[in-house]
1. Work from the charge dipole of the stretch 31-81 (Cβ charges, +1 for Lys and Arg, -1 for Asp and Glu, about the Cα centre) and give the residue of His47, Phe79, Val64 farthest towards its positive end.
2. Given Cβ point charges of +1 (Lys, Arg) and -1 (Asp, Glu) and nothing else, what value in debye, to the nearest 20, does the dipole of the stretch 19-98 about its Cα centre take?
3. Based on C-alpha coordinates, I'd like the Rg and Dmax of the stretch 19-98, in Å.
4. Starting at the first residue of the stretch 33-49, write each ³J(HN,Hα) from the Karplus equation 6.51 cos²θ - 1.76 cosθ + 1.60 with θ = phi - 60°, in whole Hz, x for Gly and Pro.
5. Taking the Cβ-Cβ separation of Gln86 and Val64 as r and a Förster radius of 25 Å, what is the calculated FRET efficiency to the nearest 0.05?
6. By count of other Cβ within 10 Å, fewest leading, how are His71, His47 ordered?
7. What list do you get for Val54, Val30 if you sort them by fewest beta carbons within 10 Å?
8. Sequence-distant or interchain residues sharing an amide H contact under 5 Å with Leu75, placed H: which?
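Bear in mind these aren't lab numbers, they're just calculated from the coordinates by the rules spelled out. From a predicted model like this one, the values you see are computed outputs, not experimental measurements. No Cβ is skipped: glycine too gets one built from the backbone with ideal geometry, and neighbour counts run over all protein chains shown.
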Amino acid sequence: MGVRGSKLKKLLGGHKRLEAGSVSTPRGYVPICVGMNESSSRRFMVHARTLGDVDFSDFLCRSVEEYGFRHDGVLRIPFEAQDFEQWMITRSNHKIKKVKPA
């Protein structure tokens with residue numbers, strides 16, 4: 001017999017911890033890492049609907065060109081993090097969450 005969802009949620013304390021200091025991705029969001037290099041990259045969570053946006057497909061194409069289709073881990077986009085944040089803010093119909101560094 002499996003554990004019912006409500007019991008599992010109580011056992012996990014409401015939010016499942018992935019690693020020290022980080023909370024799991026909210027339902028309907030996709031974690032991405034944006035930046036040109038490791039030192040300037042920042043993590044964001046974008047709503048899943050954003051992935052279907054025509055303009056967002058340019059970011060996905062950049063990612064494929066840089067990292068290929070078989071990249072392990074979080075989706076990485078080679079673009080300046082500040083510029084990406086401004087791009088997302090100008091599109092008020094998209095939901096975005098900025099993740100604070102640990």
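1. It is His47.
2. 420 debye
3. Looking at the stretch 19-98, its Cα Rg and Dmax stand at 12.2, 35 Å.
4. Couplings: 10, 10, x, 7, 8, 4, 6, 9, 7, 10, 9, 10, 10, 9, 5, 4, 4 Hz.
5. Values: r = 23 Å, r/R0 = 0.92.
Approximately 0.60, to the nearest 0.05.
6. Working: His71 12, His47 16.
Least to most surrounded, the residues fall as His71, His47.
7. Numbers: Val54 6, Val30 15.
Going from least to most buried by this count: Val54, Val30.
8. Amide H neighbours of Leu75: Cys33.
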